[in-house]
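Participant: Next up is a structure, given as structure tokens.
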Amino acid sequence: MSANSFPPLFAAPFDRTGTGSAKWARAGAPGVIPLGLADMDLPGPAAVAEALERRARHRAYGYTVCDPAGRELVARWYRERHGAEVDPDWVVLLPCGPRTALRVLLETVRPRAPLAFPTPEWGGFAQLCRAARLPYRELPLPLGPDGYHLPNGPLPGPTSAVLLSSPHNPSARVWPADELRALAERAAEAGALLVSDEVHGDLTHPGHRHPVAVDAVGQALRPHTVTLNSVGKTFNCSGLPSAFALVPDPALRARFTEELAGYGLWEGGLLEQTVLRAALGEGGPWLDALLAHLAAARARLTGLLGPAVRSAPQSSYLLWLDAAALGLPPGGAAGALLERCALEATAGDAFGPGGAGFLRLNYALPEPLLATVLERLARLGRG
């Protein structure tokens, strides 16, 4: 299969009408294509649908204990997909989404100093800190010819935790292992925990490798590092709250699970475990086809948009675009794109001060819809 060809599974139209899609609710008007929310307009793996159907046929949906085999399954997935060594004992299986897991983790840590995270960065970190009334600092990401890099130098003052999306959301850059280790070292020196949100990590494109934080930082720094992940983004099932955490420090892990119980959250969960087993146990071939599709879509989009792509995507389905290079007003780029092309996108300032003048687009689309998006974006060059 060539870099610009599409697997048959994702070459046909896929209609989400009547499913209550939050992404399509953002369209706001007929004919508008929503590209803002990080959610795929593609069919998920058949194995997940079949597993849910089988479980639903047993008409008892009561309290469900945690299956320890799930931890082994997660560890095997990391070993086979990423070459990362993860001890099953580190794995905490969660009946909630990654955002909730992060909030409970921060309650566990009980920060006494500000948190820190990059800018631009996923806006959920800032939103969570504001909701929890936790002070935070934003660390500007250097932007070089090859894209963003993690910040250098010591942390600016006392810090309780460093939060990071890895791969980077919004630019879809895969952080190099040496940059992750250097950041983990600076965090440990400041007495801070490095929390790596890796929900896009399994979507790393062919030719790139995703360094799993708890593995990449090395043995000495593992007690100061936590990785959060979920099958939601990878297998297009984010509507089913599910996540897992890798917590190498046994004392922190015990406090974390105790804090979770205080919120009525215990390891396992009926639907969560059903989806996890099907996705990680049988979803590999589907994921390989998806990554081929995303790489082909990325090649067509970056070929069309050229220098407007300031940080070449290496994972996921996110495109980070310089509004001025597209001929759009930096201060109102999202509105201008909607007016000129009937395409809804996320304004860059939603990702902090470092995102001003940018747009984030989601290209996880079936081939016919992607073709329409490409045709509409081509209007910008003609305008």
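Participant: How big is the equivalent ellipsoid of region 1-99 along its three axes, where each semi-axis is √(5λ) from the Cα gyration tensor, reported in whole Å from largest to smallest?
Facilitator: 31, 22, 16
Participant: Only bridges with both residues in region 40-163 count here: give the DSSP antiparallel percent, nearest 5. Working shown, then result.
Facilitator: Numbers: 2 of 8 bridges.
The antiparallel proportion sits near 25 percent.
Participant: When the Debye formula is applied to the Cα atoms of region 199-260, each taken as the same point scatterer, what base-10 log of I(q)/I(0) results at q = 0.13, 0.19 Å⁻¹?
Facilitator: Evaluating at q = 0.13, 0.19 Å⁻¹ gives log10 I(q)/I(0) of -0.44, -0.83.
Participant: Moving on. Want the number for residue 46 to residue 371: 0.36 nm per residue separation, take away the alpha-carbon distance, what's left?
Facilitator: Numbers: separation 325, 0.36 × 325 = 117.00 nm, distance 2.52 nm.
Separation in residues times 0.36 nm, less the Cα-Cα distance, equals 114.5 nm.
Participant: Could I ask something else about it? Step through the residues of region 224-229 one at a time and calculate ³J(HN,Hα) from phi using the Karplus curve (6.51 cos²θ - 1.76 cosθ + 1.60, θ = phi - 60°), rounding each to whole Hz and writing x for Gly and Pro.
Facilitator: Using θ = phi - 60°, the values come out as 9, 9, 10, 10, 10, 8 Hz.
Participant: Any idea which of 165, 199, 136 is furthest toward the positive side of the dipole for the chain, if Lys and Arg beta-carbons carry +1 and Asp and Glu beta-carbons -1?
Facilitator: 136
Participant: Something else: Using a Gaussian network for the chain with springs between C-alpha atoms less than 10 Å apart, which of these wobbles most: 279, 297, 12?
Facilitator: 12
Participant: Something else: Quick one: what do you get for the chain if you divide its Cα Rg by 2.2 N^0.38 Å? Before the final figure, lay out each step's value.
Facilitator: Working: Rg = 20.4 Å, N = 383, 2.2 N^0.38 = 21.1 Å.
After normalising by residue count via 2.2 N^0.38 Å, the value is 0.97.
Participant: While we're looking at this one, here's another question. Roughly how many debye, to the nearest 20, is the charge dipole of region 257-301 about its Cα centre, given +1 on each Lys and Arg Cβ, -1 on each Asp and Glu Cβ, and no other charges?
Facilitator: Values: 3 positive and 6 negative charges, 93 e Å.
Once rounded to the nearest 20, the dipole reads 440 debye.
Participant: Another question about this same structure. At 0.36 nm per residue, minus the direct Cα-Cα distance, what do residue 72 and residue 22 gain on full extension? Give it in nm, one decimal, please.
Facilitator: Details: separation 50, 0.36 × 50 = 18.00 nm, distance 3.33 nm.
Between residue 72 and residue 22, full extension yields 14.7 nm more.
Participant: Extending each Cα 7 Å along its Cβ direction at residue 85 and residue 54, get the distance between those two points in nm, one decimal.
Facilitator: According to this spin-label approximation, the distance is 3.3 nm.
Participant: If you don't mind, another one. Can you give me the solvent accessible area of residue 61 with a 1.4 Å probe, rounded to the nearest 10 Å²?
Facilitator: Near enough 130 Å² of accessible area.
Participant: Next up: Given charges of +1 on the Cβ of Lys and Arg and -1 on the Cβ of Asp and Glu, with all other atoms neutral, how large is the dipole of region 182-277 about its Cα centre, in debye to the nearest 20?
Facilitator: Details: 7 positive and 11 negative charges, 33 e Å.
Computed charge dipole of region 182-277: roughly 160 debye.
Participant: If you don't mind, another one. Just want the answer: with Cβ charges of +1 for Lys and Arg and -1 for Asp and Glu, which residue in 374, 221, 31 is farthest toward the dipole's positive end in the chain?
Facilitator: Of the listed residues, the answer is 31.
Participant: Where is the GNM fluctuation largest for the chain (alpha-carbon springs, 10 angstrom cutoff): 76, 130, 103?
Facilitator: Taking springs between Cα atoms under 10 Å, the residue moving most is 130.
Participant: Rounded to the nearest 500, what is the chain's calculated 222 nm mean residue ellipticity when only DSSP H runs of at least 4 contribute -39500 (n - 2.57) each, over all residues?
Facilitator: Working: 12 runs with 140 residues, N = 383.
When only DSSP H runs of four or more count, the value is -11500 deg cm²/dmol.
Participant: Another one. Compute the distance in nm between two label points, each set 7 Å from the Cα along the Cα-to-Cβ direction, one at residue 64 and one at residue 266.
Facilitator: 1.4 nm
Participant: What's the magnitude of the charge dipole for the chain around its Cα centre, counting Lys and Arg as +1 and Asp and Glu as -1 at the beta-carbon? Answer in Debye, nearest 20.
Facilitator: Its charge dipole is roughly 660 debye.
Participant: Here's another thing I want to ask about it. In nm, to one decimal, how far is the modelled label at residue 137 from the one at residue 251, with both set 7 Å along Cα→Cβ?
Facilitator: In this crude spin-label approximation the distance works out to 2.5 nm.
The values are calculated or read from the model by the stated rules, or taken from the named source; none is laboratory data. None of the values given here were measured: they were computed from a predicted structure. We place every Cβ from the backbone using ideal geometry, glycine too, and count neighbours over all the protein chains shown. These accessible areas exclude ligands, DNA and RNA; they are computed on the full protein's heavy atoms, side chains included. Shrake-Rupley method; radii C 1.70, N 1.55, O 1.52, S 1.80 Å.
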